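First up is the structure itself, then whatever we jot down about it.
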Amino acid sequence: MTNEATLTSEQKRAVDRMALRDAVPMFVPALPFGFIVGVAMTQSAMPTWVAWLTSPLIFAGASQLGVITLAGHATLWGVIVAGLVINLRHVMYAAALAQPMQRQPRWFRWFAPFLLIDQVFALVTLRLTESPDTSPVAGSPAALRRYYLVVGGFFFSSWLVVSTLGMVIGPVIPDSWQLEFAIPVLFVGMVLIAVDKLPQAVAAVVGAAVGLATAGLQDRLGILVGAAAGIAAGSAAEAAWGERQLRAPLEGGH
Amino acid sequence: MSTSAALVAVLVVAVSTYLMRASLIVLLAGVTIPPSVERALRYVGPATLAALAMNLAFGGEDGLHIHWIELVALLVAGAVVVWRRQLVVSMVVAMITLWLLTWLA
């Protein structure tokens, strides 16, 4: 256990307010995403209750969608590998938070990774870069812990509510609305929003082109072939041109 | 997909996802990632999501199917994201485009 000052109740309230003020606007873009994940659960080849378990257990929207929609179309291992490859970026998040987490008690170091989704990572790292004099999160391990738990808890509970709502309302939506098309639209949008450097753009374009060319392969193998080609192309582009910026990076983002 | 196979898939992805998130925080604290692996990890997100999007939009049990309506809707969605940088707006515009073109065709 790390020695640290405990927060007064006034400081706790201030951290809670800051966490919710940061988290609520970031959840707005995730609302339709969560809803679509819920709708996809009802259309999955998995039993609906098993598909629903992805929300509390996996708690990562893109990976959940991959697992839920590929079930029945790819082999069991194809579904698992696709779900995992989408989440590989979390290793980067863990690497970035490893140092500030060393000042945290053991129970928190074990529990915090469960809540480590894109938005939690973005908000926590943004607050950690502030001056310890102006931001309590950057200055005190106890404040960081409280901030992390409030933000993570908010996203976790909201995600459960929204995806469950999509699951309940999903069967009522007529098939003619073709709501399943919203899934590739979301993925394309997430890629385009995240890409701000040239090698990332190369990785996305090659991933998309190879993914498209191999979309007819059995068991949805084209996803892995496209992903591997895109990763190799992105790495090669960085080696050749460096991390050339395409535009100013986003603050926060989805 | 059988219930047991589905449960296996969900549990394996859930445990592995937790391990990836926890890896360098609890299990391998102090270990540094080799630069080549770190570089490759930076491109996993855009490459995988782009390939996944193409496969879900145009792939199928019986091969590749490119429908012009879906292609146009996807291109419109991409243009809106680049222009407005709003995921929700792009999704709404893409779905309206899809419905409108399906209705007109």
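The values are calculated or read from the model by the stated rules, or taken from the named source; none is laboratory data. Source: prediction; values computed, not measured. Neighbour counts run over all protein chains shown; Cβ positions are idealised from the backbone, glycine included. We work out accessible area using only protein heavy atoms, side chains counted, and drop any ligands, DNA or RNA first. Shrake-Rupley method; radii C 1.70, N 1.55, O 1.52, S 1.80 Å.
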Distance in Å, no decimals, from the C-alpha centre of segment A:125-147 to the one of segment A:179-226 is 36
Sorted by chain and number, the residues with a modelled amide H under 5 Å from that of A:LYS197, at a separation of 5 or more or across chains, are A:LEU246
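With all protein chains present and a 1.4 Å probe, how do A:ILE223, A:ILE169 order by accessible area, largest first?
A:ILE169, A:ILE223
Show me the GluC sites (Glu not before Pro) within segment B:1-103 that DSSP assigns to loop and that have at most 16 other Cβ atoms within 10 Å of their Cβ.
Details: sites: B:GLU38, B:GLU61, B:GLU70; in loops: B:GLU61.
Answer by residue number: B:GLU61.
Rounded to whole Å and ordered largest first, report the semi-axes of the equivalent ellipsoid of chain A derived from its Cα gyration tensor (root of 5λ).
Details: eigenvalues 222, 117, 52 Å².
Taking √(5λ) for each Cα gyration eigenvalue gives 33, 24, 16 Å.
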With every protein chain in place, the accessible area of A:ARG13 for a 1.4 Å probe, in Å² rounded to the nearest 10, comes to 130
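Using only DSSP helix segments of four residues or longer, with each worth -39500 (n - 2.57), what per-residue ellipticity at 222 nm results for chain A after dividing by its residue count and rounding to 500? If you can, show how the numbers build up before the last one.
On the way: 13 runs with 176 residues, N = 254.
One gets -22000 deg cm²/dmol as the mean residue ellipticity at 222 nm.
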Those trypsin sites (Lys or Arg not before Pro) from segment B:1-96 that are DSSP loop and have at most 15 other Cβ neighbours within 10 Å turn out to be none
Once all protein chains are kept in place, B:TRP99 shows an accessible area at probe 1.4 Å, nearest 10 Å², of 90
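Within 14 Å, Cβ to Cβ, of A:ALA94, how many net charges do the neighbouring residues add up to if Lys/Arg are +1 and Asp/Glu are -1? Provide the component values of the computation, followed by the final result.
Working: positive: A:ARG89, A:ARG109, B:ARG21; negative: A:ASP118, B:GLU38.
Overall, the nearby charge balance is +1.
With 23 Å as the cut-off, how large is the P(r) tail for chain B, expressed as percent of Cα-Cα pairs? Don't skip to the answer; put the middle values down first.
Working: 2983 of 5460 pairs.
Percent of Cα pairs beyond 23 Å in chain B: 55.
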Measure of exposure for B:HIS67: accessible area at 1.4 Å probe, Å² rounded to 10, is 90
When the charge dipole of chain A is computed with +1 at the Cβ of Lys and Arg and -1 at the Cβ of Asp and Glu, the Cα pointing farthest to the positive end, of A:GLY61, A:GLN178, A:ALA142, is that of A:ALA142
Of A:THR42, B:THR17, A:THR75, A:THR129, ordered by accessible area with the largest first and a 1.4 Å probe, the sequence is A:THR129, A:THR75, A:THR42, B:THR17
